[in-house]
Amino acid sequence: MMSEIPSNLRYRESHEWVRVEDNGTAVVGISDHAQAALGDMVYVELPEPGMSYEQGEACTVVESVKAASDAYAPVSGEVIEANGLLEDSPELVNTDPYGEGWLFKIALSNPSEVDDLLDADAYAALQED
Amino acid sequence: MRKTPLHNAHLAAGARMVDFNGWEMPINYGSQIDEHHQVRSSAGMFDVSHMTVVDIRGPQTRAFLSRLLANDVAKLHVQGKALYSCMLNEDGGVIDDLIAYYMDDQWFRLVVNSTTRDKGLAWLERQGAEFSVAVTEHHELAIIAVQGPQAREKVHALMPGAVVSELDEMKPFNALFHGQTYIARTGYTGEDGYEIMLPAEEAEGLWNRLLEQGVTPCGLGARDTLRLEAGMHLYGQDMDESYTPLVSALAWTVGMKDEREFIGRAALEQQKVQGLPGKMLGLVLDGRGVLRPGQKVITPAGEGITTSGTFSPTMQRAIAYARVPWEAGETCEVEIRGKLLPARLVRPPFVRNGKVCEGIL
């Protein structure tokens, strides 16, 4: 099944996406491919604002009916906001993974890390393997 | 990987296929939760052709099953009547759980788990030897479970009038033949419906006619959340050879009233005398989160562990089964990722016939 991979985002191999905003922050979520593989989302344990994470550190638990999975910080920084909508509507991660289903916003402590992430073509190639 | 006769039908319906113990089976066809709700509110169908159908034949069939099964086949004297039972080892541990159908006095049909097929069949052969019974596995059968409040009327719409009149009269846990097709009013969802065993080559035709009737294809994912809500156990998670039925909330399936000498009885008698070390109850998480197998349960009477757990789509709450100390009451906590969360121990089922049971919420 083909999943949606917007070209304006960057991706980590562990299936998180990153959208860098003008003010040095980034919005983070999980990809369409990831949500489809995990199945119906029933609970998301989000990081607390104020917590700092290193790139690659587990910071969110997404629980589908099937299983609990970690989502990792795709970039280092301090969490400035978690998506409160997911508390009552975790299914937004399934229905709108790149929109209302975002997980958290993070203040980039090392913006150059974004360059290490995959672009849409590289992420698409990863899924074909 | 092994494929069922409905493999192409699954792909056509957009199934996400997974490896289930060597069988390529549908886990869902898009949304497991939607499928779950369809079964609770109207009708869904499951391919369970991976289950093992075994016929036992011979003059001593009844005597054999009376020794083999913890439940008493003496309860079966009407043709087509079904009985749920565990098959125990000498230590009282559960080798498998199954449904036995009474066909006639020299013929019973057993439906056993696919995950335990090899050891189950080996046990049947070994124990059956002294009773000279013939044990025949039916590879040529497919099984479609149609479940939900509208399941029976959807099936009836596809059957000739004479069979429909019979099916209308047929009580739960009974079955009948319609030609080569064996229609049992049984299931694993807590809803009314049928499990239909039929020749493999006819399976896709029935599946497609049920689709036309508006029956929703459902995967193993929904099957698991439905059975959990319904208070039904899964072999390998909620029971296995290290526990007896008495500590697994399955005492109701053990026929010990008379002197019948079934395999494992002595061990169960001994366990009763010594006192049961624990019991199995349901668990409802108070707040947000999801229960999973293997989580630690802390009660004032000591620690326990969850055996199956999920998020209940009907209740919108996390539920589980747990092995807990015999003295455990209602109050407990569950450890999830290092945090202790308040929960309640309850008596399953959680949901029956579309409704949350009394005392659960």
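The values are calculated or read from the model by the stated rules, or taken from the named source; none is laboratory data. Fair warning: this is a prediction, and the values are worked out from it, not measured in the lab. Note: ideal-geometry Cβ built from the backbone for every residue, glycine included; neighbour counts use all protein chains shown.
Numbers below:
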quantity	calculated
Pairs with Cβ under 6 Å, 6+ apart, first in the range A:42-61 and within 10 Å of another protein chain (Cβ to nearest Cβ) and in contact (Cβ under 8 Å) with a residue 40 or more places away in the chain, second part of a strand (DSSP E or B) and surrounded by 15 or more Cβ atoms within 10 Å (Cβ to Cβ)	A:42/A:63; A:42/B:311; A:43/A:63; A:44/A:62
Extreme residue, nearest to residue B:227 (Cα to Cα), among residues of the range B:285-307 that are more than 11 Å from chain A (Cβ to nearest Cβ) and buried (at least 22 other Cβ atoms within 10 Å of the Cβ)	B:307
Enumeration of residues in the range A:62-84 that are within 13 Å of chain B (Cβ to nearest Cβ) and either closer than 17 Å to residue A:15 by Cβ or not in a loop (DSSP other than H, G, I, E, B) (or both)	A:62, A:63, A:64, A:66, A:67, A:68, A:69, A:70
Odd one out for residue A:24 among (1) closer than 23 Å to residue A:120 by Cβ; (2) under 14 Å from the mean Cα position of the chain (by Cα)	(2)
Residue within the range A:65-81 that is surrounded by 15 or more Cβ atoms within 10 Å (Cβ to Cβ), of a type in the set (Phe, Trp, Tyr) and touching a Phe, Trp or Tyr at 6+ places or on another chain (Cβ under 8 Å) present	no
Per-region count, the range B:119-178, residues at negative phi, assigned to a loop (DSSP other than H, G, I, E, B), in contact with a Gly (Cβ under 8 Å, 6 or more places away or on another chain) and of a type in the set (Gly, Ala, Ser)	0
Evaluation of residue B:227 against (1) of a type outside the set (Asp, Glu); (2) more than 15 Å from residue B:97 (Cα to Cα); (3) not in a loop (DSSP other than H, G, I, E, B) (one fails), failing number	(2)
The range A:85-116, subset among the β-branched types (Val, Ile, Thr) and more than 20 Å from residue A:21 (Cα to Cα), residue nearest to the other protein chains (Cβ to nearest Cβ)	A:95
Given (1) touching a Gly at 6+ places or on another chain (Cβ under 9 Å); (2) surrounded by fewer than 22 Cβ atoms within 10 Å (Cβ to Cβ); (3) modelled with pLDDT of 95 or more, number of the condition residue A:100 does not satisfy	(1)
Output for the range A:25-41, where each listed residue is assigned to a loop (DSSP other than H, G, I, E, B) and at the interface with chain B (Cβ under 9 Å from one of its Cβ atoms)	A:39, A:40
